[in-house]
1. For region 89-123, give me the residue count where each residue is outside any loop (DSSP other than H, G, I, E, B) and in contact (Cβ under 8 Å) with a residue 40 or more places away in the chain.
2. If you take the residues in region 1-57 that are β-branched (Val, Ile, Thr) and part of a loop (DSSP other than H, G, I, E, B), which one is surrounded by the fewest Cβ atoms within 10 Å (Cβ to Cβ)?
3. With the requirement that a residue be part of a helix (DSSP H, G or I) and within 18 Å of the chain's Cα centre (by Cα), what does region 128-142 give you?
4. Could you please let me know if LYS77 is more than 19 Å from PHE129 (Cβ to Cβ), at pLDDT 95 or above, open to solvent by 60 Å² or more (accessible area, probe 1.4 Å) and of a type in the set (Lys, Arg)?
5. If you take the residues in region 148-170 that are in a helix (DSSP H, G or I) and among the small types (Gly, Ala, Ser), which one is most open to solvent (accessible area, probe 1.4 Å)?
6. What single numbered condition from (1) open to solvent by less than 70 Å² (accessible area, probe 1.4 Å); (2) aromatic (Phe, Trp, Tyr); (3) out of contact with any Phe, Trp or Tyr (no Cβ under 6 Å at 6 or more places or on another chain) fails to hold for PHE129?
7. Anything in region 39-74 that is of a type in the set (Val, Ile, Thr) and under 13 Å from LEU86 (Cβ atoms)? List them, or say none.
8. Hey, any hits in region 190-202 for a residue that's under 30 Å from GLN25 (Cβ atoms), open to solvent by 70 Å² or more (accessible area, probe 1.4 Å) and either in a loop (DSSP other than H, G, I, E, B) or charged (D, E, K, R) (or both)?
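The values are calculated or read from the model by the stated rules, or taken from the named source; none is laboratory data. Just so it is clear, the structure is predicted and the values come from calculations on it, not from any experiment. Glycine also receives a Cβ, built like all others from the backbone with ideal geometry; neighbour counts cover every protein chain displayed. Calculation scope for accessible area: heavy atoms of the full protein, side chains included, ligands and nucleic acids excluded. Shrake-Rupley method; radii C 1.70, N 1.55, O 1.52, S 1.80 Å.
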Amino acid sequence: MKKNNERLRGIFARLDSLDYIKPEQIPNIALYMDQVTTFMDEHLEKSKRYPDDKVLTKTMINNYAKNNLLPPPIKKKYSREHMLLLIFIYYFKNILSFNDIETLFHPITEEHFMDHSELSLQDIYEQIFSLEKEQMKQLKEDLIRRFRTSQEVFATQEEDDREYLQLFAFICALGFDVYMKKQTMELLIDQIREEYPADGKKKK
């Protein structure tokens, strides 16, 4: 029990260390690829699992452009809008396929990339991440609830085995939550694919 409680405190400390990139932190000038990867590595360093992990590489950026997740650079330089899209890609790439991310981004890049509308990509980014504080609060409350539920199972097992099994139950509960949310995201993206086709002929 004591060890698992320490784990929960460690999880909260880890979550508290994470933060998103504020728009004002992004340079107001276009960047070359090396500058983009350096910026992302520096500002998302705490999100890396291992110190040697790379947040973003040249190969990744080229793959994103090749798969239509990211508009091509302008004269080999990446704008603030490119940077904002790369941050969104960073959060989605371990959850969704490239095809799903392309579908999700298509209406955004068509209507709001490079100030094509009154609502800029930065406006959208700021609105999305303004929800972060409340979402973090809800996440912590949900983690506590799932953790406490996991501590109620395998109560008759020996202590060492019980601690592992309760930890396993906690991880499974988190995994089921991720799985169901991923299913929901994919369902919604399929609806976007139907309602906002790539040919630009929006269905009514």
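1. Qualifying residue count, region 89-123: 9.
2. Filtering first and then ranking leaves ILE29.
3. Listed by number, the residues that qualify are ILE128, PHE129, GLU132, LYS133, GLU134, GLN135, MET136, LYS137, GLN138, LEU139, LYS140.
4. Against the criterion (more than 19 Å from PHE129 (Cβ to Cβ), at pLDDT 95 or above, open to solvent by 60 Å² or more (accessible area, probe 1.4 Å) and of a type in the set (Lys, Arg)), LYS77 qualifies.
5. Across region 148-170, the extreme among qualifying residues is ALA169.
6. Checking PHE129 against (1) open to solvent by less than 70 Å² (accessible area, probe 1.4 Å); (2) aromatic (Phe, Trp, Tyr); (3) out of contact with any Phe, Trp or Tyr (no Cβ under 6 Å at 6 or more places or on another chain), the one that fails is (3).
7. Within region 39-74, VAL55, THR57, ILE61 meet the criteria.
8. No, the conditions are met nowhere in region 190-202.
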